[in-house]
Amino acid sequence: MRAIGTRLRLAAGLALLPLLAVTACGSDSGPGAVRAGAQPPAAPAAAPVAAVRKVESAAALLPEDVRKAGTLRVGTSVGSPPGAYYPLGSSRSNGAGSGGGSGKAPAGQDIDLADAVAKVLGLKLQRQDASFETILPALGSGKYDFGTGNFGVTAERLKTIDFVTYINDGQGFAVKKGNTELGRKVTDLTQLCGLTIGTGAGTTFEATLTEQQGVCAKEGRKPYDVKVYSDNGATLTALQQGRIDVIMSTINGLRYQAAQAASGTTFLGEFHRLDVGFAFKKGSPLTKAFQAAVDELIKDGTYARILKKWGTSPSAIESSRINPPEHSR
């Protein structure tokens with residue numbers, strides 16, 4: 001491994017940074033993954049979901065038993081802004097959300113979009129925090145009706161999961177601020193040969209890095225090393241302490257992180273775009289209603305206001321799709 005971490009090692013005694021870790025196409029894998037001593041940001045004041053009303057034509061697409069019950073169970077990976085996190089001053093709450101419960105609800109783009117869709121459909125959400133890597137398997141067992149966690153649509157996931165898209169995000173890289181070794185953009189994994197890359201467990205990033213593990217050897221170069229972390233706060237800490245050279249995570253999350261001065265990171269550009277969607281068990285009868293609800297939010301401007309609130313407007317989609325093919329690299 002090239003000695004980037006050594007040359008750019010933080011001074012001894014560096015305290016943990018505020019929590020500015022990123023969401024994932026994969027996400028944080030622990031409920032409310034705020035590390036000890038970390039301080040999440042406050043939520044933006046805008047409240048675009050408040051004005052959303054039920055749309056009968058979308059609600060009519062729901063199965064009759066769901067309309068009568070009036071609730072849906074959602075497994076939510078709560079980790080870091082802008083996707084889903086516990087803002088400054090809030091507390092963790094299992095079972096909280098549109099359906100009530102104790103404690104304060106999480107905030108973030110994914111939370112707002114799920115709540116807005118529920119309002120369009122005339123439903124309440126029973127939200128349960130879950131680690132990212134457990135949500136998709138739990139859909140098949142019936143534990144949740146759908147899942148949120150910035151889940152990227154991939155060919156592999158489409159074998160067992162249905163998706164309703166709501167944003168276009170994807171994979172990117174970041175380094176510690178001041179690191180000029182990689183330049184401003186990573187477009188090929190061979191640029192990472194000999195380096196140590198940190199990423200999240202069970203994510204599309206881990207899958208991509210594993211799948212492409214042999215690219216450096218083909219060029220006669222030292223392979224990159226991959227370190228997998230249980231939450232994104234741990235990944236960011238590892239970067240700042242010089243234990244990894246690069247973070248691979250979501251485009252929107254890394255951009256958000258780099259925009260915060262205290263994070264000490266630099267975004268290295270987009271690597272691979274992915275549609276992101278609400279996740280359902282294969283064959284779920286809910287997908288058409290969710291698609292219609294997302295399209296209603298796009299049509300009435302609520303969608304644009306939510307993305308503006310969280311700084312993700314460049315990732316807006318024109319319309320929702322059910323199970324689109326994975327974007328080619």
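The values are calculated or read from the model by the stated rules, or taken from the named source; none is laboratory data. Keep in mind that this is a model prediction, so the values were computed, not measured. Heads up, the Cβs are rebuilt from the backbone with ideal geometry, glycines too, and the neighbour counts pull from every protein chain shown.
Numbers at a glance
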{"read-out": "Pick from segment 102-117, criterion touching a Gly at 6+ places or on another chain (Cβ under 9 Å) and in a helix (DSSP H, G or I), ranking: farthest from S77 (Cα to Cα)", "value": "D115"}
{"read-out": "Subset of segment 265-312 [at pLDDT 95 or above and of a type in the set (G, A, S)]", "value": "G277, A279, G283, S284, A289, A292, A293, G301, A304"}
{"read-out": "Hits in segment 206-240 (condition: aromatic (F, W, Y) and under 19 Å from V78 (Cβ atoms))", "value": "Y229"}
{"read-out": "Which numbered condition V186 fails, given (1) among the hydrophobic types (A, V, I, L, M, F, W, C); (2) modelled with pLDDT of 95 or more; (3) outside the structural domain of A138 (by TED's automatic domain parsing)", "value": "(2)"}
{"read-out": "Top-ranked residue of segment 251-267 - restricted to ones that are outside any helix (DSSP H, G or I) and of a type outside the set (S, T, N, Q), ranked as farthest from P82 (Cα to Cα)", "value": "G264"}
{"read-out": "Residues satisfying the stated conditions in segment 108-123, i.e. within 21 Å of K54 (Cβ to Cβ) and in contact with a Leu (Cβ under 8 Å, 6 or more places away or on another chain)", "value": "L113, A114, D115, A116, V117, A118, V120, L121, L123"}
{"read-out": "Matching residues, segment 173-219, being among the aliphatic types (A, V, I, L, M) and surrounded by 14 or more Cβ atoms within 10 Å (Cβ to Cβ)", "value": "A174, V175, L182, V186, L189, L192, L195, I197, A201, A207, L209, V215"}
{"read-out": "Condition check for G170: of a type outside the set (A, V, I, L, M, F, W, C), over 11 Å from V74 (Cβ atoms) and under 13 Å from the mean Cα position of the chain (by Cα)", "value": "yes"}
{"read-out": "Members of segment 196-216 found to be at pLDDT 95 or above, out of contact with any strand residue (DSSP E or B) (no Cβ under 6 Å at 6 or more places or on another chain) and aliphatic (A, V, I, L, M), listed by number", "value": "V215"}
